[in-house]
Amino acid sequence: MNLVDLSFLTGVFVTLFVIIDPPGIVPIFLSLTSTMTAKQRSRAAAVAVGVAVLIIGVFALFGRFILDYMHISLPALQFSGGLLLLIIALQLLAGKEGEMAASEDVNVALVPLGTPLLGGPGAIVAMMLFVEDASGQGPRIAALVIAMALLTLAMYLTMRFADLVARVLGQGGVTLVTRISGVLLAAISTQMVFDAVRSFLVDWGMIPG
């Protein structure tokens, strides 16, 4: 008997990696931490990853109970998350990312880095669905744990060494990539809202599933 379901592990890791997109966070991270020292930036990266993993982990274990208790559906969570990401995308496009940064690095690490950028609705919903697919099977549960460990490492390393990216791109390059990220984030958030609305319409019987 296999201790780890490798195909399930691959599916979980690839899906969550695409949703979280650690490389895509780099320009946003650089913008939000532009006034920090290297030590503060490293700490912000660690805190942001810790917050994201905590949020995803809590919803993986208790997500269904939390949503059912509060009478919140998955599409509603996805819709609200899409709106939050759209607000952030508009700020990035308008060059107002500095307004999202607070005076203390830990605040930036918590919001918007830890959530909703890293530990956002997309990752939360995907993880909840994977937990249901695991169905209590040992090899799949092990795969989930390993996939989250690998994602944690990927998220931290991409932000920890963001300075290297900054030196390569220069200030103008970072600004350009930030604007491009804003466009992509706006598209992702719009798709999340669209998918949520479609789920609502299917549930209400207004369109076929």
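Look at Leu30 and say whether it is assigned to a helix (DSSP H, G or I) and either within 16 Å of the chain's Cα centre (by Cα) or more than 29 Å from Thr175 (Cβ to Cβ) (or both).
It is false that Leu30 is assigned to a helix (DSSP H, G or I) and either within 16 Å of the chain's Cα centre (by Cα) or more than 29 Å from Thr175 (Cβ to Cβ) (or both).
How many residues are out of contact with any Ser or Thr (no Cβ under 7 Å at 6 or more places or on another chain), open to solvent by less than 40 Å² (accessible area, probe 1.4 Å) and either modelled with pLDDT of 85 or more or among the β-branched types (Val, Ile, Thr) (or both) when one looks only at segment 5-30?
We begin by selecting, within segment 5-30, every residue out of contact with any Ser or Thr (no Cβ under 7 Å at 6 or more places or on another chain); these are 5-21, 29-30.
Next, from what is left, pick out any that are open to solvent by less than 40 Å² (accessible area, probe 1.4 Å): 5, 8-9, 11-12, 16, 20, 29-30.
Remaining after also requiring either modelled with pLDDT of 85 or more or among the β-branched types (Val, Ile, Thr) (or both): 5, 8-9, 11-12, 16, 20, 29.
Residues that pass the stated criteria total 8.
Considering Gly172, Gly122, Gly81, which residue is open to solvent by 50 Å² or more (accessible area, probe 1.4 Å), under 26 Å from Ala44 (Cα atoms) and in a helix (DSSP H, G or I)?
Selected residue: Gly172, the only one of Gly172, Gly122, Gly81 that is open to solvent by 50 Å² or more (accessible area, probe 1.4 Å), under 26 Å from Ala44 (Cα atoms) and in a helix (DSSP H, G or I).
Is at least one residue of segment 175-185 under 17 Å from Gly82 (Cβ atoms), at pLDDT 85 or above and crowded, with 17+ Cβ neighbours inside 10 Å?
No.
Which residue, of Leu6, Leu54, Leu16, is touching a residue at least 12 places away in the same chain (Cβ under 8 Å), closer than 20 Å to Gln137 by Cβ and out of contact with any helix residue (DSSP H, G or I) (no Cβ under 7 Å at 6 or more places or on another chain)?
Result: Leu6 is the single residue among Leu6, Leu54, Leu16 that is touching a residue at least 12 places away in the same chain (Cβ under 8 Å), closer than 20 Å to Gln137 by Cβ and out of contact with any helix residue (DSSP H, G or I) (no Cβ under 7 Å at 6 or more places or on another chain).
Taking the condition of a type in the set (A, V, I, L, M) and at pLDDT 95 or above, does Ile188 pass?
No: the conditions fail for Ile188.
Checking the conditions here, which among Arg179, Arg160, Arg140, Arg198 is in contact with a helix residue (DSSP H, G or I) (Cβ under 8 Å, 6 or more places away or on another chain) and over 23 Å from Ala45 (Cα atoms)?
Arg140
Pick from Ala143, Ala166, Ala149: which is more than 30 Å from Phe65 (Cα to Cα) and either open to solvent by 50 Å² or more (accessible area, probe 1.4 Å) or part of a helix (DSSP H, G or I) (or both)?
Ala166
Count, please, the residues in segment 31-55 that happen to be among the polar types (S, T, N, Q), open to solvent by less than 40 Å² (accessible area, probe 1.4 Å) and in contact with an Asp or Glu (Cβ under 8 Å, 6 or more places away or on another chain).
Total satisfying the criteria: 2.
Does segment 132-139 include one or more residues that are in contact with an Asp or Glu (Cβ under 6 Å, 6 or more places away or on another chain) and surrounded by fewer than 20 Cβ atoms within 10 Å (Cβ to Cβ)?
yes
The values are calculated or read from the model by the stated rules, or taken from the named source; none is laboratory data. Note that the structure is predicted; figures quoted are calculated from it, not measured. As a convention, Cβ positions derive from the backbone with ideal geometry for all residues, glycine included, and neighbour counts pool all protein chains shown. Side chains are part of the model used for accessible areas, which takes the heavy atoms of the whole protein and leaves out ligands, DNA and RNA. Shrake-Rupley method; radii C 1.70, N 1.55, O 1.52, S 1.80 Å.
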